Each structure stands twice: as C-alpha cells, then as structure tokens.
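In what follows, a structure is listed as structure tokens, so that the remarks can point back to it.
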Amino acid sequence: MNLLKTTLSIAFIGISVFSFSQNTITKDSKFAIGFSTGYNRGLGFNAHFTALKPIQSLPVHIRFGMGYTNLDPGNSADARRIFINNATNGVPEEKAKAFDYRLDFMWQSNLLNLDESYIVFGPRYSSFTANFKYVGGNEDFDVTSKQFGIGLGAETHFEISDRLNLVALAGLDYFFNNTLKGHDTSYSPDDDNVNPRNNNENNDEQFTFSDANKAIKQPSLMPRIMLGVVYRL
C-alpha cells in the first residue's frame, strides 16, 4: 500500500507540473503517451503509446501498452511437490511477477455520460514468472508460463490542461491457460506433460496440469482498476 500511495503521489505531482506548463491548443494531436498504476490482481504499472484516430472516419484510438504486476505466486508447498519432490524441509519464500503487452481499440462512447469516455477492448499477451525458494532446504526454482488473452473495459478522461488528462479505468482481462514450466518438469493443458512428478498422497499417481494450475496462480481472470495520466504530443 505504501508503494501504491507513493506512486499515486508522484502521478499527481506530475499533473500539477504539466498543468501549469502547457499553453498550446492540441486538438490536432496525433499521438499521446501515458502512465497508469493501480490494482491488476496485484499492484500493477502500465506505460502506453496511443495513435489518436488514425482512421479519421472512425471514432477509435489505437493504443499499445506494456505493464508490470506483482502477483500472488500460489501455494509453495504444492509447487515443490508438483515440480520438484516431496521434501518438506526449509522455510518457503515466494514471489511472482508478470509482464503484459496489450493492444487496445478505444471506441469513443457516451456510456458514462461524460465528455470523453471509451469502451476499450483488444488482445493481450503475458509473460509470468513465479519464484519459490526454500531457505535451508536447498531449493530455489522458477515456474513460468506465456499466455495470450483478451480484455474489455471502460475508461474516462478528465481534462487537466490542453495537453494533459487524468484517466480512470476499470476492466477485466482473461488469459488462456498455457504450459507451466518449472525445473525439468512441465504441465500442459492437454496433459502432454514432461517429467511429471508422482503424488505420494494419491497412490503415486502422476500430477496433472489441473494440479499444477491450482498450485500456481498464473494469470487467468485479471480485474483492473487503475488511475493515470495521458499527455498529448
């Protein structure tokens, strides 16, 4: 929470600086850059570049964004059993992150009855890494996945100055399940698995993708509530 408060404070300081420094009317701007932060199933940050109405006959902007999010990696005990072995020694430490890349089509709408509002939708791509370390247990490994997804949301822009807008957005991204890889083991949605471990709590039957996917919280449904700024070039 302290990191989020700090980030929001920096954003509002930036708003103040820019709002007092802009004097040029920018209705003919063709591009914009922006930054946002907030909740994305964890603390997330996003930077983006927008082409403003590249097709003049359509009320649509096209935006490319890159993001970083801190996430809950999942269950450390289960991750060890499913990807390494059945040992239980060591004190677990865990963390996870995801880089996401998004292409947004921003369709201007009066849905929110505000001057500048958009319905936002488009494809997504995520690169996810969860790290599990067992202090005193001699284990430190990553579980990774790379996924495609789709997203839908709504956002509104509030004018601060001729060039600068404050942006509030809410949306939901969905990422499709993909292969989880860790150590020398991988589990795929079709259960064409590589070197799966045996479950000693279930008659040594091999673990499946379903087991791995329950243990590792790779991106799936990713709700987003964010606040940011957009600067017209």
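Numbers at a glance
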{"item": "Two-site FRET efficiency, Asn202 against Ile33, from Cβ-Cβ distance with R₀ of 41 Å, rounded to 0.05", "result": "0.20"}
{"item": "Highest to lowest packing among 53-61, 173-181, scored as the average C-beta count within 10 Å", "result": "173-181, 53-61"}
{"item": "14 Å beta-carbon shell around Phe64, net charge (K/R +1, D/E -1)", "result": "+1"}
{"item": "Formal net charge of residues neighbouring Glu139 (Cβ-Cβ distance under 11 Å; K, R +1; D, E -1)", "result": "0"}
{"item": "Within the chain, helix-based [θ] at 222 nm, where runs of 4 or more DSSP H residues each add -39,500 (n - 2.57), nearest 500", "result": "-4500 deg cm²/dmol"}
{"item": "Lysine pairs with alpha-carbon atoms under 28 Å apart, the chain, spacing 8 or more or separate chains", "result": "24"}
{"item": "Charge context of Leu103, other residues only, Cβ under 10 angstrom, K/R +1, D/E -1", "result": "+2"}
{"item": "Antiparallel %, DSSP beta bridges [both residues in segment 164-233], to 5", "result": "100 percent"}
{"item": "Approximate shape of segment 133-222 as ellipsoid semi-axes (Cα gyration tensor, √5λ), whole Å, largest first", "result": "40, 17, 10"}
{"item": "Farthest positive-ward along the chain dipole, Cα basis, beta-carbon charges - from Asn113, Asn40, Pro219", "result": "Asn113"}
{"item": "Which labelled figure in (1) 20.0, 58; (2) 21.6, 73; (3) 20.0, 64 is Rg and Dmax of the Cα atoms in Å, once derived from the coordinates", "result": "(2)"}
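Values in this text are rule-based calculations from the coordinates and carry no lab data. Being a predicted model, the structure only gives us computed values, none of them experimental. Ideal geometry is used to build each Cβ from the backbone, glycine not excepted, and the neighbour counts take in all protein chains shown.
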